[in-house]
Amino acid sequence: PPPKAAEPAIQHPIDTAAITEPLPALAESDKPLAEGLAAAIDRDAIARYLISQDLVRRIVATVDNLPRRTYAQRLSPLKPAPGKFAVAGADAQMAISPQNAARYAPLVRAFEAVNSEKLVALYVRFYPLFQEAYREQGYPNAYFNDRLVQVLDLLIATREAPGQLAIVQPKVLYEVADPALEALPSV
């Protein structure tokens, strides 16, 4: 038989040894996970911003997609921001309107109010389900927490665009006018 491919070394292990309570099956994890989230995140924010159906799978898909050039909104655990995308200017002077920040302000405030210790404890408790969902997505030999750390490092390294970001509309969707910025990961 051909030699078995070696599993990559785990770079950022999660210690789940202290977990004594049994976990629900992945398909039945939405309600228990949402209840756990309510201890870390304001219940209003959960109802307003979170899509609680298939939550673990949505989180895993989103984390995996963020470093890629495109992002599948339909797989996101977050509801789209209310309101329409606003543009300032026209033609060659088109830019993202500063009004767009207001669409996201309530969500940013909700994230800022998260009890991170409780959220991390919940993540560790449910980690085996996140790993299961990651394997389902086609990564049988990869470790989801390593991917999460990669994405968090990418988020931390992402710089804020100075001033208004120039955009173009070559077809239906808008794109960043600077090809180098447009080519960056979706995050």
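The values are calculated or read from the model by the stated rules, or taken from the named source; none is laboratory data. These figures come from a predicted structure and were not determined experimentally. Cβ placement follows ideal geometry from the backbone for every residue including glycine, while neighbour counts extend to all protein chains displayed. Heads up: the accessible areas ignore ligands, DNA and RNA and are worked out on the full protein's heavy atoms, side chains in. Shrake-Rupley method; radii C 1.70, N 1.55, O 1.52, S 1.80 Å.
Every residue in the range 1-51 that is outside any helix (DSSP H, G or I), among the small types (G, A, S) and at pLDDT 90 or above, please.
Of everything in the range 1-51, those that are outside any helix (DSSP H, G or I), among the small types (G, A, S) and at pLDDT 90 or above turn out to be A25, S29.
Has the range 180-187 got any residue that is open to solvent by less than 70 Å² (accessible area, probe 1.4 Å), under 30 Å from Y123 (Cα atoms) and of a type outside the set (G, A, S)? Yes, the conditions are met somewhere in the range 180-187. Residues in the range 20-68 that are within 23 Å of S186 (Cα to Cα) and charged (D, E, K, R): D54, R57, R58, D64, R68. Residues in the range 141-187 that are more than 22 Å from A61 (Cβ to Cβ), in contact (Cβ under 8 Å) with a residue 60 or more places away in the chain and not aliphatic (A, V, I, L, M): Q164, Q169, Y174. If you go through the range 48-58 and pick out every residue that is free of Cβ contacts under 8 Å to residues at least 60 places away in the same chain, open to solvent by less than 70 Å² (accessible area, probe 1.4 Å) and either hydrophobic (A, V, I, L, M, F, W, C) or under 19 Å from Q137 (Cβ atoms) (or both), you end up with 5.
Taking the conditions exactly as written (over 21 Å from E182 (Cβ atoms), among the basic types (K, R) and free of Cβ contacts under 8 Å to residues at least 24 places away in the same chain), does R109 satisfy them or not? Considered against the rule, which asks whether it is over 21 Å from E182 (Cβ atoms), among the basic types (K, R) and free of Cβ contacts under 8 Å to residues at least 24 places away in the same chain, R109 comes out as yes.
Listed here are the residues, each with its yes/no results for (1) within 17 Å of the chain's Cα centre (by Cα); (2) not small (G, A, S).
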{"residue": "P82", "(1), (2)": "no, yes"}
{"residue": "Q93", "(1), (2)": "no, yes"}
{"residue": "A101", "(1), (2)": "no, no"}
{"residue": "F111", "(1), (2)": "yes, yes"}
{"residue": "A121", "(1), (2)": "no, no"}
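Determine if the range 104-123 includes at least one residue that is under 21 Å from P13 (Cβ atoms) and aromatic (F, W, Y). Looking through the range 104-123, at least one residue is under 21 Å from P13 (Cβ atoms) and aromatic (F, W, Y).
Restricted to helices (runs of 4 or more DSSP H) entirely inside the range 62-169, those with at least 2 residues that are within 30 Å of A47 (Cβ to Cβ), modelled with pLDDT of 95 or more and open to solvent by 70 Å² or more (accessible area, probe 1.4 Å) are 116-136. Would you check if I59 is of a type in the set (A, V, I, L, M), at pLDDT below 90 and assigned to a helix (DSSP H, G or I)? Answer is no for this residue.
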